[in-house]
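Just below is one structure, and these are the notes that go with it.
The values are calculated or read from the model by the stated rules, or taken from the named source; none is laboratory data. These figures come from a predicted structure and were not determined experimentally. Cβ sites come from the backbone with ideal geometry, for glycine too, and all protein chains shown count toward neighbours. To get the accessible areas, we keep the full protein, side chains included, count just its heavy atoms, and leave off ligands, DNA and RNA. Shrake-Rupley method; radii C 1.70, N 1.55, O 1.52, S 1.80 Å.
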Amino acid sequence: MSNHELTTPDQIAVWERLMDLPEYQRTTPEPLLVARVLPPAARMAKALDIGCGWGRHMPWLAAMGWRVTGLDWSQAAVKHARVVLEAAGQPGAVIKGDYHRLPFRDGEFQLVVANDVLHHGRLADFKRALLEIKRVIRIGGQAIISLPSTRNMPQPFVGLWVEENTVVLDTGVEAGLPHHFFNEEELRRAAHTFRDVSIEAIVEPLPPGAKPLHAEHVNEWLWIILTG
Ligand SMILES: C[S@@+](CC[C@H](N)C(=O)[O-])C[C@H]1O[C@@H](n2cnc3c(N)ncnc32)[C@H](O)[C@@H]1O
């Protein structure tokens, strides 16, 4: 364990570089998210996409009838998500911001999605994000979040372990970024203020060309649905 400082500017600088890589310029919505999001029950209901990245989920949400807002702390992501929305001819807003302090009113959103985002930090950062999500979500609204499980962790000697199950990678394109790997029990504890919590563990094939990180490595993701 170490007290290695994870500074915000350092992390943002990594994300700005990653946005130049084709594998981060994803265009097709994540099928496991598509399977979980329903159209809005009421006209003009608002959806927030936290860590929207290149913006692949925003046109799809808008086409379903959601009034969509994307948020990302990378300027490159914000810029491209705006282009993606405009190219699709869909309305929506994209804002530069940090998931630790969501710049929105209490109860503003009926739906919050965060795909492949909220594990970038320590456990305390995730807990902070959940407090913010709970605050901005309406009563009865839903948050749909995907996170890597502890079965997806690299070996202990890879990277810099800053706390239990949190590693700052020191090799590969995501070097310098923190990754926390979750288990169901800590998730349930962290989400205890929500009215309902559902967690599903889903093992996905490794991306094309990727190899398992070690003998027990499984590309398992936890899909969490929280009711505000
Ligand atoms: C792996 S990408 C996922 C992008 C998108 N959700 C998708 O599924 O294509 C993670 C995104 O989260 C953003 N991100 C990471 N930490 C963040 C934070 N603290 N606040 C806002 N955005 C953050 C990054 O800039 C990046 O665009």
Restricting to the range 1-21, and then to whatever is open to solvent by 60 Å² or more (accessible area, probe 1.4 Å) and more than 13 Å from the ligand (Cβ to nearest atom), can you tell me which residue is modelled with the lowest pLDDT?
1
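Residue 20 - would you say it is over 24 Å from residue 139 (Cβ atoms), acidic (Asp, Glu) and in a loop (DSSP other than H, G, I, E, B)? Spell out how you get there, then give the answer.
Working: over 24 Å from residue 139 (Cβ atoms): yes; acidic (Asp, Glu): yes; in a loop (DSSP other than H, G, I, E, B): yes.
Criteria met by residue 20.
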From the residues in the range 123-135 that are open to solvent by less than 20 Å² (accessible area, probe 1.4 Å) and not aromatic (Phe, Trp, Tyr), which one is nearest to the ligand (Cβ to nearest atom)?
129
Is there any pair with a first residue in the range 162-178 that is more than 11 Å from residue 121 (Cα to Cα) and at pLDDT below 95 and a second that is hydroxyl-bearing (Ser, Thr, Tyr) and part of a loop (DSSP other than H, G, I, E, B) whose Cβ atoms are under 7 Å apart and which are 6 or more apart or on different chains, and what are they?
none
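Here are 100, 120: which of them is within 16 Å of the ligand (Cβ to nearest atom), under 11 Å from the mean Cα position of the chain (by Cα) and either under 29 Å from residue 38 (Cβ atoms) or outside any strand (DSSP E or B) (or both)?
Values: 100 fails: under 11 Å from the mean Cα position of the chain (by Cα).
Just one listed residue meets the conditions, 120.
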From the list 107, 70, exactly one residue is open to solvent by less than 30 Å² (accessible area, probe 1.4 Å), over 14 Å from the mean Cα position of the chain (by Cα), modelled with pLDDT of 95 or more and under 23 Å from residue 223 (Cα atoms). Which is it?
107
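For the subset of the range 182-196 comprising residues that are in a helix (DSSP H, G or I) and of a type in the set (Lys, Arg), which member is nearest to residue 226 (Cα to Cα)?
Pass one, the range 182-196, residues in a helix (DSSP H, G or I): 184-190.
Narrowing the set further to residues that are of a type in the set (Lys, Arg) leaves 188-189.
Working: 188: 10, 189: 13 Å.
Among residues in the range 182-196 that are in a helix (DSSP H, G or I) and of a type in the set (Lys, Arg), the one nearest to residue 226 (Cα to Cα) is 188.
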Within the range 32-40, does at least one residue satisfy the condition of being farther than 18 Å from residue 177 by Cα, more than 15 Å from the ligand (Cβ to nearest atom), surrounded by 13 or more Cβ atoms within 10 Å (Cβ to Cβ) and of a type outside the set (Gly, Ala, Ser)?
yes
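Would a scan of the range 107-118 turn up a residue that is farther than 17 Å from residue 142 by Cβ and in contact with an Asp or Glu (Cβ under 8 Å, 6 or more places away or on another chain)? Can you show your working first?
As a first pass, look at the range 107-118 and keep what is farther than 17 Å from residue 142 by Cβ: 116.
From the residues that got through so far, the ones that are in contact with an Asp or Glu (Cβ under 8 Å, 6 or more places away or on another chain) too are 116.
Checked the range 107-118: at least one residue is farther than 17 Å from residue 142 by Cβ and in contact with an Asp or Glu (Cβ under 8 Å, 6 or more places away or on another chain).
Residue 29 - would you say it is more than 25 Å from residue 168 (Cβ to Cβ) and either of a type in the set (A, V, I, L, M) or near the ligand (Cβ under 9 Å from one of its atoms) (or both)? Let's see the steps before the verdict.
Working: more than 25 Å from residue 168 (Cβ to Cβ): yes; either of a type in the set (A, V, I, L, M) or near the ligand (Cβ under 9 Å from one of its atoms) (or both): yes.
In short, yes.
State yes or no: is residue 50 over 16 Å from residue 174 (Cα atoms), at pLDDT 95 or above and within 15 Å of the ligand (Cβ to nearest atom)? Break it down into steps so the answer makes sense when it comes.
Details: over 16 Å from residue 174 (Cα atoms): yes; at pLDDT 95 or above: yes; within 15 Å of the ligand (Cβ to nearest atom): yes.
Yes.
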Residue identified as surrounded by 18 or more Cβ atoms within 10 Å (Cβ to Cβ) and over 16 Å from the mean Cα position of the chain (by Cα) among 167, 203, 158, 173
167
Looking only at the range 85-103, count how many residues are open to solvent by less than 40 Å² (accessible area, probe 1.4 Å) and either modelled with pLDDT under 95 or among the hydrophobic types (A, V, I, L, M, F, W, C) (or both).
3
What pairs come out if I take residues in the range 6-24 that are more than 20 Å from residue 166 (Cα to Cα) and of a type outside the set (A, V, I, L, M) and pair them with residues that are open to solvent by less than 50 Å² (accessible area, probe 1.4 Å) and in a loop (DSSP other than H, G, I, E, B) whose C-beta lies under 6 Å away, six or more apart or interchain?
16/74
